[in-house]
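In what follows, a single structure is set out as C-alpha coordinates and then discussed.
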Amino acid sequence: MENQQQEEQLTAEQLEARRLEMKAFYDSSIPYLESQAKYEKLLTEVEESRYKRATMQFQYANMMAAQHEMEQEELENEPTEKKAPAAGKKLRRG
(Lines give C-alpha, C1' and ligand atoms only; values in the text may rest on other atoms or scores of the structure.)
Protein backbone atom coordinates (compact mmCIF):
# COMPACT_ATOMS: atom_id res chain seq x y z
CA MET A 1 0.00 0.00 0.00
CA GLU A 2 2.87 2.34 0.74
CA ASN A 3 4.26 1.57 -2.70
CA GLN A 4 1.02 2.70 -4.35
CA GLN A 5 0.97 5.93 -2.34
CA GLN A 6 4.59 6.61 -3.25
CA GLU A 7 3.89 6.04 -6.96
CA GLU A 8 0.95 8.41 -6.79
CA GLN A 9 3.25 11.09 -5.43
CA LEU A 10 5.87 10.67 -8.17
CA THR A 11 5.86 13.02 -11.09
CA ALA A 12 5.54 11.82 -14.66
CA GLU A 13 9.28 12.35 -15.18
CA GLN A 14 10.09 10.32 -12.06
CA LEU A 15 7.81 7.51 -13.18
CA GLU A 16 9.45 7.46 -16.61
CA ALA A 17 12.90 7.38 -14.97
CA ARG A 18 11.78 4.46 -12.78
CA ARG A 19 10.46 2.58 -15.83
CA LEU A 20 13.76 3.09 -17.64
CA GLU A 21 15.67 1.84 -14.59
CA MET A 22 13.48 -1.27 -14.45
CA LYS A 23 13.93 -1.89 -18.17
CA ALA A 24 17.71 -1.54 -17.86
CA PHE A 25 17.70 -3.97 -14.94
CA TYR A 26 15.67 -6.54 -16.86
CA ASP A 27 17.77 -6.13 -20.00
CA SER A 28 20.99 -6.61 -18.02
CA SER A 29 19.54 -9.74 -16.38
CA ILE A 30 18.60 -11.49 -19.63
CA PRO A 31 22.03 -13.05 -20.34
CA TYR A 32 22.08 -14.57 -16.85
CA LEU A 33 18.56 -15.89 -17.21
CA GLU A 34 19.39 -17.38 -20.61
CA SER A 35 22.41 -19.12 -19.09
CA GLN A 36 20.28 -20.42 -16.24
CA ALA A 37 17.59 -21.63 -18.66
CA LYS A 38 20.23 -23.48 -20.72
CA TYR A 39 21.65 -25.01 -17.54
CA GLU A 40 18.21 -26.12 -16.32
CA LYS A 41 17.36 -27.60 -19.72
CA LEU A 42 20.59 -29.60 -19.83
CA LEU A 43 20.08 -30.74 -16.25
CA THR A 44 16.58 -31.93 -17.15
CA GLU A 45 17.94 -33.87 -20.13
CA VAL A 46 20.51 -35.57 -17.89
CA GLU A 47 17.82 -36.51 -15.35
CA GLU A 48 15.54 -37.84 -18.10
CA SER A 49 18.38 -39.98 -19.45
CA ARG A 50 19.10 -41.35 -15.98
CA TYR A 51 15.41 -42.15 -15.50
CA LYS A 52 15.20 -43.93 -18.86
CA ARG A 53 18.34 -45.95 -18.15
CA ALA A 54 17.10 -46.99 -14.69
CA THR A 55 13.69 -47.91 -16.13
CA MET A 56 15.30 -50.06 -18.83
CA GLN A 57 17.47 -51.81 -16.24
CA PHE A 58 14.42 -52.47 -14.08
CA GLN A 59 12.45 -53.87 -17.02
CA TYR A 60 15.38 -56.07 -18.07
CA ALA A 61 15.76 -57.40 -14.51
CA ASN A 62 12.04 -58.20 -14.36
CA MET A 63 12.18 -59.94 -17.73
CA MET A 64 15.16 -62.04 -16.69
CA ALA A 65 13.54 -62.93 -13.35
CA ALA A 66 10.34 -64.02 -15.14
CA GLN A 67 12.34 -66.13 -17.59
CA HIS A 68 14.28 -67.73 -14.74
CA GLU A 69 11.02 -68.44 -12.92
CA MET A 70 9.53 -70.10 -16.01
CA GLU A 71 12.64 -72.26 -16.44
CA GLN A 72 12.41 -73.34 -12.80
CA GLU A 73 8.74 -74.25 -13.22
CA GLU A 74 9.52 -76.27 -16.34
CA LEU A 75 12.19 -78.21 -14.48
CA GLU A 76 9.83 -78.90 -11.59
CA ASN A 77 7.01 -80.01 -13.90
CA GLU A 78 9.06 -82.43 -16.02
CA PRO A 79 7.68 -85.98 -16.07
CA THR A 80 9.40 -88.15 -13.47
CA GLU A 81 10.73 -90.73 -15.99
CA LYS A 82 12.78 -88.02 -17.72
CA LYS A 83 14.39 -86.96 -14.48
CA ALA A 84 17.62 -88.62 -13.39
CA PRO A 85 17.09 -91.58 -11.05
CA ALA A 86 17.45 -90.93 -7.38
CA ALA A 87 20.56 -92.27 -5.67
CA GLY A 88 20.36 -96.00 -5.06
CA LYS A 89 17.65 -96.68 -7.70
CA LYS A 90 18.35 -98.56 -10.90
CA LEU A 91 16.94 -97.75 -14.30
CA ARG A 92 14.74 -100.38 -15.88
CA ARG A 93 15.65 -101.50 -19.31
CA GLY A 94 12.87 -102.75 -21.30
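Screening F58, F25 for residues that are of a type in the set (F, W, Y), at pLDDT 95 or above and over 33 Å from the mean Cα position of the chain (by Cα) leaves exactly one candidate, F25. Is one or more of the residues making up region 39-50 of a type in the set (G, A, S) and modelled with pLDDT of 95 or more? Within region 39-50, one or more residues are of a type in the set (G, A, S) and modelled with pLDDT of 95 or more.
The values are calculated or read from the model by the stated rules, or taken from the named source; none is laboratory data. Remember, it's a predicted structure, so these values are computed and weren't measured experimentally.
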